[in-house]
Amino acid sequence: MSVNLLGLNGRELQAFCAGLGEKPYRGKQLMRWVHHAGVDDFGAMTDVSKPLRERLAQTAAIVAPKVLRDATAADGTRKWLLDVGTGNAIEAVFIPETGRGTLCISSQAGCALECSFCSTGRQGFNRNLTAAEIIGQLWLANRALGRGVTAERPITNVVMMGMGEPLANFDNVVTAMQIMLDDSAYGLSRRRVTLSTSGLVPGIDRLRDTCPVALAVSLHAADDKLRDELVPINRKYPIRELLAACLRYLEKAPRDFVTFEYVMLEGVNDSVEQARQLARLLKPVPCKVNLIPFNPFPNSGYTRSSPEAIARFRDVLAQAGFTTTTRKTRGEDIEAACGQLAGQVQDKTRRRQRRMETAAT
Ligand code: SAH
Ligand code: SF4
């Protein structure tokens, strides 16, 4: 079986070249061709000798997930639906803004963590993506956005905020991020790669020690009782432990703050009192807060907070000294907004039904 070069980091590419009896610098050369130039054809690698190109064609391949759908929203947001086999599809979303372009990448097909307001969580868990499937999203987007060897970089930032919990697929996510950071590949700085987690405490510590990048934490509630309900992994790693892990992370992080994400759910977590509680809770942690208006999906059982409620919540945090932003909802008309990435959701977990049955008894 041939090796997919797309998913190999610098060290692994060197080892692969050594296995062919080639000098280690060939690894860098391959890295540049695959990721920098974005080629998938060994014949195009003009500074590689012909015999080596032929051997590469026999032993290796450069294969990204197949594009099933490619849609662009009215606001320029572009979404790729990608086939990852056995009926599983994942999504990558490009968000253009003035002066920067952000690609939102998936790490798993589905997600096992079952956050109550997330459509990916409703699908249940299918499988971890391979490193090639993760970095393949950036590779494909770069090519689709017309980046040649000399073109300007359309993608300046990557956020691991698509489908799945990145820290639950730790090794493959780290390999893919190493490729993002590699100067011969995408050369992104650690500050421009953000990993978002629902709060897997051991994973946060491991990330700090292996591949520190900017960190976003999905908090969504200021007390354990509510967070247990919204983000069930909180029962295992409660808020106090999560915040302690954030402080440890900051000792080695490329940025001197953590971003806390907070989805705004009407009548659930959006009161002024809850904002005050959040401000008290976060006081010891250098952070920014990003409020995310809830993006509805069929049978979610939740409603988005009103713009007034979001503004009131933001004001309380701002007055308490927190830099607080409200995420602009992008790409809604192509279901590319946060938490909508599953498209037509099949409620495999049947959580709502279970909940309703429990309520009825
Ligand atoms: N699993 C990781 C990263 C993917 S989710 C995590 O949970 O952090 C990326 C962000 O989208 C998280 O903050 C998540 O809570 C949020 N999100 C999920 N469903 C949403 C929805 N329906 N509306 C708005 N944001 C949502
Ligand atoms: Fe998984 Fe994140 Fe969705 Fe929770 S919010 S179910 S962790 S993808």
- request: Take peptides 249-255, 164-170 and line them up by average Cβ neighbours within 10 Å, highest first, as a rough protection proxy.
  value: 164-170, 249-255
message: If I stretch the segment between Asp205 and Arg100 completely, what's the gain in nm (0.36 nm per residue apart, minus their alpha carbon distance), one decimal?
response: 34.8 nm
task: Please work out the Cα center distance from segment 313-333 to segment 123-147, rounded to the nearest Å.
output: 29 Å
statement: Kirkwood calc, segment 104-220, C-alpha pairs only, radius in angstrom 14.6 Å
field: Computed FRET value (nearest 0.05) for Lys252 with Ser306, which takes r as the C-beta separation and R₀ as 41 Å
entry: 0.55
task: Return one number: the angle in degrees, 0 to 90 and rounded to the nearest 10, between the long axis of the Cα atoms of helix 272-282 and the longest principal axis of the Cα atoms of the chain.
output: 50 degrees
message: At R0 = 25 Å, how high is the FRET efficiency between Thr59 and Arg143 if r is their beta carbon distance? Nearest 0.05 is fine.
response: 0.60
- prompt: Relative to the longest principal axis of the chain, what angle (0 to 90°, nearest 10) does the C-alpha long axis of helix 307-319 take?
  reply: 90 degrees
field: Area projected by the alpha carbon convex hull of the chain, averaged over all directions, nm²
entry: 18.9 nm²
- prompt: Any idea of the accessible area per residue across segment 3-61, 1.4 Å probe, to the nearest Å²?
  reply: 50 Å²
- prompt: On the accessible surface of segment 21-151, probed at 1.4 Å, how many percent belong to carbon and sulfur atoms?
  reply: 53 percent
- prompt: Roughly how many nanometres apart are two label points built 7 Å out from the Cα toward the Cβ at Thr86 and Ala318?
  reply: 4.9 nm
- prompt: Once you put a point 7 Å from the Cα of Asn299 and another 7 Å from the Cα of Thr156, both along the Cβ direction, what distance in nm separates them?
  reply: 4.2 nm
Fraction of antiparallel bridges per DSSP, the chain only, in percent to nearest 5: 45 percent
message: Using a 7 Å offset from the Cα along the Cα-to-Cβ direction at both Ala18 and Glu273, what is the distance between the two label points in nm, to one decimal?
response: 6.3 nm
query: Roughly how many Å² is the accessible area per residue of segment 66-360, as a whole number, for a 1.4 Å probe?
result: 43 Å²
task: Could you state the angle between the C-alpha long axis of helix 170-181 and the longest principal axis of the C-alpha atoms of the chain, as a value from 0 to 90 degrees rounded to the nearest 10?
output: 60 degrees
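The values are calculated or read from the model by the stated rules, or taken from the named source; none is laboratory data. From a predicted model like this one, the values you see are computed outputs, not experimental measurements. So basically every Cβ, Gly included, is an ideal-geometry build from the backbone, and we count neighbours across all protein chains shown. Heavy atoms of the whole protein, side chains included, go into the accessibility calculation; ligands, DNA and RNA do not. Shrake-Rupley method; radii C 1.70, N 1.55, O 1.52, S 1.80 Å.
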